[in-house]
């Protein structure tokens, strides 16, 4: 197999994979349009390799003209461009899932005392805690939310030993806003990257099916904005 044959085979496979991501047939979506649509969809692999994909596209166009004029050798694909094409295709075809971020998550009940959370923050340095009551998931309580709650009560003397998580959650309404989102542990890192890039959620709670958890054990992992650089690194 010649270098040209290898490159064309790699190009066709890449084109097929890109079309598949767009739920289209290769005959229905030109390579250049596939790049544009996937870039608009904020696919991080396409964004990362956009300039290289343009080189691959242009080389393919040159080779098409070479087929038309067989006596004029316009270009020959290098080993580097062939391996680059194959590498991009593999990254698109076999995306990593968020399962890599599965980890134990410390959760609390609304009946727990605030001092327990404060001790956990001091000991582990965690800053986001899923909260549950007898009916299921209530929301996220963060160290920032606790700080704002304390600031709003600075004008009167309070004993932290008497404060329950429910007291703080009921007062910090914006902690219940959709700064969090549930995501199935089988979802790709592409999806996590897109959610963070959109800026609508800064916390992803991993569950088996992407539905709200009924109990603390249903949460299989958590990805926060602090983890975003790791998400990007794993996609690179």
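Quick notes on this one:
- Candidate set from segment 28-60 (those that are surrounded by fewer than 13 Cβ atoms within 10 Å (Cβ to Cβ) and either modelled with pLDDT under 95 or outside any helix (DSSP H, G or I) (or both)); member that is farthest from the chain's Cα centre (by Cα): 58
- For first residues located in segment 1-20 and on the phi < 0 side of the Ramachandran plot and without any contact (Cβ under 8 Å) to a residue 12 or more places away in the chain, partners that are in a helix (DSSP H, G or I) and surrounded by 15 or more Cβ atoms within 10 Å (Cβ to Cβ) and lie 6+ apart or on another chain with Cβ distances below 6 Å form the pairs 16/26.
- Among the numbered conditions (1) in a helix (DSSP H, G or I); (2) more than 22 Å from the chain's Cα centre (by Cα), the only one that residue 111 does not meet is (1).
- In segment 164-173, the residues that are farther than 11 Å from residue 114 by Cα and crowded, with 19+ Cβ neighbours inside 10 Å: 172
- Some residue of segment 7-23 being in a loop (DSSP other than H, G, I, E, B), at pLDDT below 95 and surrounded by fewer than 18 Cβ atoms within 10 Å (Cβ to Cβ): yes
- Checked against (1) surrounded by fewer than 17 Cβ atoms within 10 Å (Cβ to Cβ); (2) over 25 Å from the mean Cα position of the chain (by Cα); (3) modelled with pLDDT of 85 or more, residue 72 passes all but a single condition, namely (3).
- In segment 148-163 there is no residue that is in contact with a strand residue (DSSP E or B) (Cβ under 6 Å, 6 or more places away or on another chain) and either surrounded by 11 or more Cβ atoms within 10 Å (Cβ to Cβ) or not in a helix (DSSP H, G or I) (or both).
- Here residue 142 clears all of (1) at pLDDT below 90; (2) over 20 Å from residue 106 (Cβ atoms) except the condition numbered (2).
- For segment 115-143, taking the residues that are in a helix (DSSP H, G or I) and in contact with a strand residue (DSSP E or B) (Cβ under 9 Å, 6 or more places away or on another chain), the one that is surrounded by the fewest Cβ atoms within 10 Å (Cβ to Cβ) is identified as 116.
- Residues (loosely packed, with under 15 Cβ neighbours inside 10 Å and closer than 30 Å to residue 84 by Cα) located in segment 197-231: 197, 198, 229, 230
The values are calculated or read from the model by the stated rules, or taken from the named source; none is laboratory data. These numbers were taken from a predicted model, which means no experiment stands behind them. No Cβ is skipped: glycine too gets one built from the backbone with ideal geometry, and neighbour counts run over all protein chains shown.
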